[in-house]
Every structure is written in C-alpha cells, then in structure tokens.
Amino acid sequence: MHRDEAVRRLQALEGRNLHELAQEFNITVMSANNKVNKGWAGHVCERYLGLPINSGQSPNFGSWELKSIPLKRLRNGTLAFKETMAITMIDPYNVQRTSFEESHLLMKLRKAVIVARVVGATYGKPSFVHTVTSFDLDGELLEAVRTDYELVQACLNDPVRGFSALTGHMGHYIQPRTKGKGHGSVSRAFYARTRFLAEFIDLTEPT
C-alpha cells in the first residue's frame, strides 16, 4: 500500500477508540492472566490497513514503517508523550559491521507513519487516535540520527566497552536501551526519544 493512501485511511480513525477496533479484529489487549500485549495498538492499525502482524526488522509496509505511540494528558489538560518509541532491536554483530546507510535503524526511520493515540491511566481505558503523521528523515535530523547510530557502533566495536556498555543515557535523538522486563534484561533496542517525536508530531489540540 502506498504511504499517502495509508495516511488517508488512518486519518479517518482520528477520534476513534482503538479498543473498539481491537475487538473487531480480535486483537488481544490484555490476556486472561492480565498480561498486556504492548503492541496491540500497532497491530490494530496494521490489521485495519490489511497487513498481517509483522515483527520483522524490515519496514512493515516495504518502503515505509508504521508506528503507534501513546500520549498522556497532564493535570493541566495538555498532552505529552507518554514514553519513547521503540524502533528496532540491536543485533550487535549486525550493527558493528553495518553502515548507517544500510542499517535497520535507517530503514525503519527513512519514511514512516506515526499514529499518536491518547491513553488513559490503565490499558483498559479507551485509547483515542489523536493524529496521524508521516515524515521523511532527511537534512540535519538525518545527520543527527547518523551520529547517534555511529556512537552506538563505536561502543560496540570498542574492546573495552562493548555491548554491555550501551545505555539509555547515550544518543541525542536515538538511544540504545534495555528492552524487556527488569534490569536483568540483556537485550537492547534503538528507541526514539520524545525530543525526536516532537520534531514531527504536533500535540496541540483544536480550540
């Protein structure tokens, strides 16, 4: 599906509660043992566009990537990003040997569509689509992301530091962070900081 067509279709969901669509497409939000499917909203959007659920490292629509991010409402009523955005897992062997131009990170971010949704205090609360935004990574922002990637690459190639030294404190826009439960997790993934998301997503609301 062409990205422009997908954006038009997804924009029709603005204001809709994604929980209703999750029921329609039989997407599990929370299992019987109260285990949360953290990727449920993205899966709903994929099914809505006719794509089978895909967790591969290539962009899920071939030339562009679809992502869903949660927004939270602050006490003063304004919206803010609830968390950073997971992009792709870090395979140390691959990142050590792969230039930024050929990286999974760039493949995921070069052309993307982000569905921003307002969430409640718990996963059971309604989650309404706020905006649908597309972007192309280029110019100064592209170079800044390149710097963040090469920072991770240099750490991996350093015989003293290596994979275990990757930390969420690294990177201006893109950080390498633990993925998984608890501090004992050994896996890492690239995450987009909220300052990166703010470059594309307008959190103001119509008056």
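The values are calculated or read from the model by the stated rules, or taken from the named source; none is laboratory data. In this text the structure is predicted, and so the values were computed from the model without any measurement. Note that each Cβ is placed from the backbone with ideal geometry, even for glycine, and that neighbours are counted across all protein chains shown. In case anyone asks, the SASA skips ligands and DNA or RNA and just uses the protein heavy atoms, side chains included. Shrake-Rupley method; radii C 1.70, N 1.55, O 1.52, S 1.80 Å.
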Inter-residue pairs, beta-carbon under 7 Å, first under 21 Å from residue 186 (Cα atoms) and in the stretch 77-95, second exposed (fewer than 14 other Cβ atoms within 10 Å of the Cβ) and among the hydroxyl-bearing types (Ser, Thr, Tyr), 6+ apart: 89/187
In the stretch 1-11, what residues are without any contact (Cβ under 8 Å) to a residue 60 or more places away in the chain and surrounded by 12 or more Cβ atoms within 10 Å (Cβ to Cβ)? 9
Subset of the stretch 35-46, residues farther than 14 Å from residue 117 by Cβ and touching a helix residue (DSSP H, G or I) at 6+ places or on another chain (Cβ under 8 Å), comes to 37
Restricting attention to the stretch 60-89, the residues that are crowded, with 17+ Cβ neighbours inside 10 Å and part of a loop (DSSP other than H, G, I, E, B) number exactly 4
Meets criteria (aliphatic (A, V, I, L, M) and without any contact (Cβ under 8 Å) to a residue 12 or more places away in the chain) for residue 66: no
Which of the residues that make up the stretch 23-53 are surrounded by 15 or more Cβ atoms within 10 Å (Cβ to Cβ) and of a type in the set (Gly, Ala, Ser)? 41, 42
Tell me, please, whether a residue that is within 17 Å of the chain's Cα centre (by Cα), more than 23 Å from residue 29 (Cα to Cα) and not charged (D, E, K, R) can be found in the stretch 110-128. yes
Starting from the stretch 188-207, take each residue that is without any contact (Cβ under 8 Å) to a residue 60 or more places away in the chain and list its partners that are open to solvent by 90 Å² or more (accessible area, probe 1.4 Å) and in a loop (DSSP other than H, G, I, E, B), counting only C-beta distances under 8 angstrom and pairs at least six apart or across chains. 195/172
Could you run through the stretch 1-34 and say how many residues are in a loop (DSSP other than H, G, I, E, B) and more than 15 Å from residue 118 (Cβ to Cβ)? 12
All but one of (1) out of contact with any helix residue (DSSP H, G or I) (no Cβ under 7 Å at 6 or more places or on another chain); (2) farther than 21 Å from residue 18 by Cα hold for residue 121; state the number of the condition that does not hold. (2)
Assess whether residue 44 counts as being without any contact (Cβ under 8 Å) to a residue 40 or more places away in the chain and either closer than 22 Å to residue 174 by Cα or not in a loop (DSSP other than H, G, I, E, B) (or both). yes
